[in-house]
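Peer 1: Before we start, here is the structure in question, set down as structure tokens.
Rule-based calculations on the coordinates, nothing more; no lab input. No experiment lies behind these values; they were computed from the predicted model shown. A quick note on method: Cβ atoms are made from the backbone with ideal geometry, for glycine too, and the neighbour counts reach across all protein chains shown.
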Amino acid sequence: MSPTDLFLLARVGGERVALPASAIGSVMEVGTVTPVPRAPDHVVGLCALRSRVLTVVDARAALGLGHVAPADRLAVVVEQGGHGYALLLDAVEDAVPAEARACPAALSSCWATAARGAIEHDGQLILLVDPAALIEGVAAAANR
């Protein structure tokens, strides 16, 4: 990342987080989701976006923080390994320029798995979360 990049501020599990804006294709309301048999707990199912199939991932469940409420269907669309994903979030706030820095030292295990640093915004330190870690999920990362 360059010294100052653009980050999307969002909320996951009640926590304010930052995602690299360069990784976000769009923000969408997820409509109908088709469940996928035998999928990991954090994979909600499949949805369509302009004739494109996306795997829907519950960011809370990916971190082991419960599940996004059924009414909460706000997601960011990301590309990973040639596949499209819709990451369900609690809320999307704003896009802000900031500088990435090292992670704070003491993080709970779920956040330590997903955090790739932090940014400072309005005097507050906000964790920088890797969308790929959310797609993989905490349980899968812990088994590596």
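Peer 1: Pick from PRO40, PRO35, PRO70, PRO104: which is more than 21 Å from GLY137 (Cβ to Cβ) and either in contact with a helix residue (DSSP H, G or I) (Cβ under 9 Å, 6 or more places away or on another chain) or free of Cβ contacts under 8 Å to residues at least 24 places away in the same chain (or both)? Walk me through how you get there before you give the answer.
Peer 2: Details: PRO40 fails: more than 21 Å from GLY137 (Cβ to Cβ); PRO35 fails: more than 21 Å from GLY137 (Cβ to Cβ); PRO70 fails: more than 21 Å from GLY137 (Cβ to Cβ).
Of the residues listed, the single one that is more than 21 Å from GLY137 (Cβ to Cβ) and either in contact with a helix residue (DSSP H, G or I) (Cβ under 9 Å, 6 or more places away or on another chain) or free of Cβ contacts under 8 Å to residues at least 24 places away in the same chain (or both) is PRO104.
Peer 1: Another question about this same structure. For segment 43-69, enumerate the residues that are surrounded by fewer than 19 Cβ atoms within 10 Å (Cβ to Cβ) and among the charged types (D, E, K, R).
Peer 2: Residues satisfying the conditions are ARG50, ARG52.
Per-residue answers, yes or no, for (1) among the hydroxyl-bearing types (Ser, Thr, Tyr); (2) farther than 10 Å from ALA86 by Cβ; (3) over 17 Å from the mean Cα position of the chain (by Cα):
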| residue | (1), (2), (3) |
| --- | --- |
| LEU8 | no, yes, no |
| ARG16 | no, yes, no |
| VAL44 | no, no, no |
| THR55 | yes, no, no |
| LEU65 | no, yes, no |
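Peer 1: Exactly one condition in (1) closer than 13 Å to PRO131 by Cβ; (2) among the small types (Gly, Ala, Ser); (3) under 12 Å from the mean Cα position of the chain (by Cα) is not met by GLY81; state its number.
Peer 2: Only one criterion in (1) closer than 13 Å to PRO131 by Cβ; (2) among the small types (Gly, Ala, Ser); (3) under 12 Å from the mean Cα position of the chain (by Cα) is unmet by GLY81, namely (3).
Peer 1: So, in segment 15-32, of the ones that are in contact with a Lys or Arg (Cβ under 9 Å, 6 or more places away or on another chain) and not charged (D, E, K, R), which residue ends up surrounded by the fewest Cβ atoms within 10 Å (Cβ to Cβ)?
Peer 2: It comes out as GLY31.
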